Amino acid sequence: MGRLDGKVAIVTGAAKGIGAAASGLLAEEGAAVVCTDIDVPAGEAVADAIQNNGGKATFMAHNVTSEDAWEKVAAHAVDSFGQLDILVNNAGIAPPGAPIEDLELDAWRNTIAIDLDSVFLGCKHGIRAMKQSGGGSIINISSIMGIVGTSNAADYNAAKGGVRLLTKVAALECADAGYGIRVNSVHPGFIDTPLVRNVVEEGVIAGRMGSANEAIELLTMLHPIGRLGFPKEIANAILFLASDESSFMTGSEMVVDGGYTAR
Ligand SMILES: NC(=O)c1ccc[n+]([C@@H]2O[C@H](COP(=O)([O-])OP(=O)(O)OC[C@H]3O[C@@H](n4cnc5c(N)ncnc54)[C@H](O)[C@@H]3O)[C@@H](O)[C@H]2O)c1
């Protein structure tokens, strides 16, 4: 018996990093997974790998900032697999940092659109689909940057902090309405994914960091556990929140950060 047998999931940003690891793990535990991303070849490869492993998965091209696209993705999950039980709002970007006084309004708006508007749209259409299925679990991927501030990351901090509180509002509304839908956020520390490698590369190019190795060493020192995290370690937290094992958890924030915020 898998921990998610018979359940149907949508994972956004499924083509790489945390989303790819979560898609694979949810499918291994028996869920049918609708993988979505703007990166079509990499997203299709993730869904194909799941199918080749004996799991159930489909891929849909999906820009998480588009409400039309969200309507289509939610309808696709219900039409293909009969219901929606799990939604992982994972897609996101980590923009190149800038101090507030230099941050362009367009850059701010782009980050807020991809990292926060997307989660609002996901919750909206996820709740509508899940209440027809008699309940479910929504997992919003925030960050340690949704809990503590950092210089030069106003847009990312504001978006991820917004995800943290949006999660609590969605949890309360679903509980008040008696929908049987739980909504929780996950707050990863630095996880070794393409997103973090890009941040490091941009930092080196901009002269904020020496070499890539030095930058990874600096990031490592911020985690008392002595290393960066692996995508699978965040996928494990997502799996727990997706499964009935977390049935008394809603509106909560699960921090998975190697001790980063413990200091
Ligand atoms: N890696 C970390 O250290 C870390 C830490 C805290 C939080 N997070 C969060 O975890 C989530 C996943 O991060 P990751 O490290 O796996 O990133 P990643 O860059 O490895 O993967 C993110 C995926 O999202 C997709 N994506 C980007 N914009 C999109 C859009 N508009 N519509 C649909 N898909 C889009 C990308 O194509 C990519 O496949 C993000 O929300 C990120 O902010 C990551």
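The values are calculated or read from the model by the stated rules, or taken from the named source; none is laboratory data. This structure is a prediction, so every number in the text was calculated from the model and none was measured. Here the Cβ positions follow ideal geometry from the backbone for every residue, glycine too, while neighbour counts run over all protein chains shown.
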When segment 44-65 is checked residue by residue, the ones that are within 25 Å of A113 (Cβ to Cβ) and outside any strand (DSSP E or B) are E44, V46, H62, N63, V64, T65
Filter result for the condition that a residue is in the same structural domain as I138 (by TED's automatic domain parsing), in contact (Cβ under 8 Å) with a residue 60 or more places away in the chain and within 12 Å of the ligand (Cβ to nearest atom), over A242, A235: A235
Is it the case that G17 is under 25 Å from E245 (Cα atoms), within 18 Å of the chain's Cα centre (by Cα) and surrounded by fewer than 24 Cβ atoms within 10 Å (Cβ to Cβ)? yes
Search result, residues across segment 173-193 that are under 30 Å from A129 (Cα atoms), of a type outside the set (S, T, Y) and not in a helix (DSSP H, G or I): G178, G180, I181, R182, V183, N184, V186, H187, P188
Restricting attention to segment 157-182, which residues are within 16 Å of the ligand (Cβ to nearest atom) and surrounded by 24 or more Cβ atoms within 10 Å (Cβ to Cβ)? A159, K160, V163, T167
Please work out which residue is nearest to N89 (Cα to Cα), limiting yourself to segment 1-27 and to residues that are within 15 Å of the ligand (Cβ to nearest atom) and part of a loop (DSSP other than H, G, I, E, B). G13
Quick one: count up the residues across segment 207-243 that are surrounded by fewer than 13 Cβ atoms within 10 Å (Cβ to Cβ), part of a helix (DSSP H, G or I) and at pLDDT 95 or above. 1
Has segment 69-78 got any residue that is at negative phi and more than 16 Å from the ligand (Cβ to nearest atom)? yes
Kindly check whether there is at least one residue in segment 70-81 that is touching a Ser or Thr at 6+ places or on another chain (Cβ under 9 Å) and part of a loop (DSSP other than H, G, I, E, B). no
All conditions in (1) among the aliphatic types (A, V, I, L, M); (2) within 11 Å of the ligand (Cβ to nearest atom); (3) under 14 Å from A154 (Cα atoms) are true of V88 except (3)
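So that you can scan it fast, the table gives a plain yes or no per residue for (1) crowded, with 21+ Cβ neighbours inside 10 Å; (2) farther than 26 Å from D244 by Cβ:
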site: I10; (1), (2): yes, no
site: F59; (1), (2): yes, yes
site: E67; (1), (2): no, yes
site: L84; (1), (2): yes, no
Do we find that V196 is within 13 Å of the ligand (Cβ to nearest atom), more than 29 Å from M249 (Cβ to Cβ) and either polar (S, T, N, Q) or assigned to a helix (DSSP H, G or I) (or both) in this structure? no
It is to be established whether one or more residues within segment 78-96 are over 18 Å from the mean Cα position of the chain (by Cα) and modelled with pLDDT under 95. yes
Odd one out for N110 among (1) closer than 18 Å to G97 by Cβ; (2) surrounded by fewer than 24 Cβ atoms within 10 Å (Cβ to Cβ); (3) within 12 Å of the ligand (Cβ to nearest atom); (4) under 16 Å from the mean Cα position of the chain (by Cα): (4)
Please find, within segment 28-43, the residue that is surrounded by the most Cβ atoms within 10 Å (Cβ to Cβ) out of those that are in a loop (DSSP other than H, G, I, E, B) and over 15 Å from the mean Cα position of the chain (by Cα). A31
Show the residue pairs meeting these rules: Cβ distance below 6 Å; 6+ apart or different chains; first residue within segment 56-70 and farther than 18 Å from V8 by Cα; second residue assigned to a strand (DSSP E or B). V64/T12
Output the number of the condition that D117 fails; it satisfies all remaining conditions of (1) at pLDDT 95 or above; (2) in contact with a Leu (Cβ under 9 Å, 6 or more places away or on another chain); (3) farther than 25 Å from V200 by Cβ. (2)
